[in-house]
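Shown next, in structure tokens, is the structure this report addresses.
The values are calculated or read from the model by the stated rules, or taken from the named source; none is laboratory data. Since the model is a prediction, treat every value here as computed from it, not as a measurement. Quick reminder, even Gly has a Cβ in these numbers, built from the backbone with ideal geometry, and neighbours come from all protein chains shown. Heavy atoms of the whole protein, side chains included, go into the accessibility calculation; ligands, DNA and RNA do not. Shrake-Rupley method; radii C 1.70, N 1.55, O 1.52, S 1.80 Å.
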Amino acid sequence: MVNELLQGAIEVHVHAAPDIGERASDFIALAREYRQAGFAGVLIKDHFQPSTDRAYALNHLGGDGFRVWGGLVLNRPVGGFNPTAVAVAVERGARVVFMPTSAARNHLIRVGRLLPPYDRVRVMDAGDEGMTIFGPGGSLLPEVVDIIDQVIAARRVLGTGHLSPDECIALAETAQARGSCRILVNHASHYISNLSVADQRRMVALGALIEHSWVATKHQHHPIRPEAIAEQIRAVGAEHCILSSDYGQPRLGSPVAGFRDMVATLLDLGITPEEIRTMIHTNPRRLLEEVN
């Protein structure tokens, strides 16, 4: 059953070399593994530089219908909340524009410090307290609003990155007030994002899809029980959720094996094959489909 469900699935969140730190495989081997497992496509995420060129190369070398997507994460190396970087990335094919991850204020509050290998490189300014979408007075920064408008105009996807729940909700409220915007709440059940069921339902009401990443169950210090992910899926509804691995960490090994483990475990916990198919086939296509 698991292998059958993987045929035509889409992975929306995985990491590969080259990267600042070591990864389980490079992007060429990664795409080959997903293709051989029967997946229809994969979105490669990089915290510090656009992954659009990797997607372009793989799509032009593949030729068998397997699709790779790239994106842009708004951390310090690309200028943070940089509308110009967004404009260039979108022009070069970025499907998802992610809010800050390792540079987010919420990330630093939750993690406490930059973890290896990111502590060895200058990914933030000295004394940087982390990025937040909120300006003085609690309103969204003008440059964040500019980025939202670009994402809407280009019909791309807005990822919440490592923002706090309050930031996620404010971002979605602003985005939907300014137009129709596809929003992905990244790894909602991970301890850094940590959206409650009520928060997730609020985001769904604002038109977002909720991503649950299997890496959240494998964290060395703050793992979530697989049962909790299954409970959250039931509470919010599989029709509003997406499953991903968020793998790429060498200690975890093959991302495809991790994805397979996720599907098998959730099936054992009572999530139905139809619900799994919705979360790894239907909803990723709905999120990433070309609409330009």
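Remark: spin-label model distance residue 110-residue 205 equals 2.2 nm, labels positioned 7 Å along the Cα→Cβ axis.
Beta bridges per DSSP, both residues in the chain: antiparallel share near 5 percent. Note on residue 26 and residue 4: with the Förster distance fixed at 30 Å, the Cβ-Cβ geometry gives a FRET efficiency of about 0.55.
Averaging sequence separations of C-alpha pairs under 8 Å and six or more residues apart, then dividing by the length of region 5-59, give the relative contact order as a whole percent. Mind showing how you got there, number by number?
Working: 68 pairs, mean separation 23.4, N = 55.
Here the relative contact order equals 42 percent.
The slack in the chain from residue 19 to residue 57, taken as 0.36 nm per residue of separation less the alpha-carbon distance, amounts to 12.0 nm.
Using 0.36 nm per residue, how much length does the chain from residue 219 to residue 251 gain when fully extended, once their Cα-Cα distance is taken away?
Working: separation 32, 0.36 × 32 = 11.52 nm, distance 1.07 nm.
Result: 10.5 nm gained on full extension.
Think of the chain as having a plus end and a minus end, set by charges on the Cβ of Lys, Arg, Asp and Glu; of 13, 138, 170, 13 sits farthest toward the positive end of this dipole.
Can you give the accessible area of residue 254, probe radius 1.4 Å, in Å² rounded to 10? About 40 Å², rounded to the nearest 10. In terms of its C-alpha gyration tensor, region 132-187 comes out oblate, because a/c is 1.5 or above while a/b does not outweigh b/c.
Remind me, relative contact order of region 45-113 in percent, using alpha carbon pairs under 8 angstrom and six or more residues apart? Write down the numbers at each step before the final one.
Numbers: 99 pairs, mean separation 23.3, N = 69.
Computed value for region 45-113: 34 percent relative contact order.
Among 249, 36, 49, the largest mean-square fluctuation in a Gaussian network model of the chain (Cα springs under 10 Å) belongs to 36.
Would you work out if the chain is rounded, prolate or oblate? Take a ≥ b ≥ c from the square roots of the eigenvalues of the alpha-carbon gyration tensor; rounded if a/c is under 1.5, else prolate when a/b is larger than b/c, oblate otherwise. Could you put the intermediate results ahead of the total?
Numbers: a/c = 1.31, a/b = 1.22, b/c = 1.08.
Rounded.
Ordered by 1.4 Å accessible area with all protein chains kept, 143, 239 run largest first as 239, 143.
Each stretch of four or more DSSP H residues adds -39500 (n - 2.57); spread over every residue of the chain, this sum gives -11000 deg cm²/dmol at 222 nm.
For the residues 53, 125, 199, a GNM of the chain with alpha-carbon springs under 10 Å puts the largest fluctuation on 125. Label separation (residue 141 vs residue 129): 1.3 nm, computed from points 7 Å beyond Cα along the C-beta direction. Contact order for the chain, expressed relative to its length and based on alpha carbon pairs under 8 Å spaced 6+ residues apart, stands at 18 percent. Using only alpha-carbon positions in region 177-280, the gyration tensor eigenvalues give semi-axes of 22, 16, 13 Å once each is multiplied by 5 and square-rooted (largest first). The convex hull defined by the C-alpha atoms of region 12-148 has an orientation-averaged projected area of 9.1 nm².
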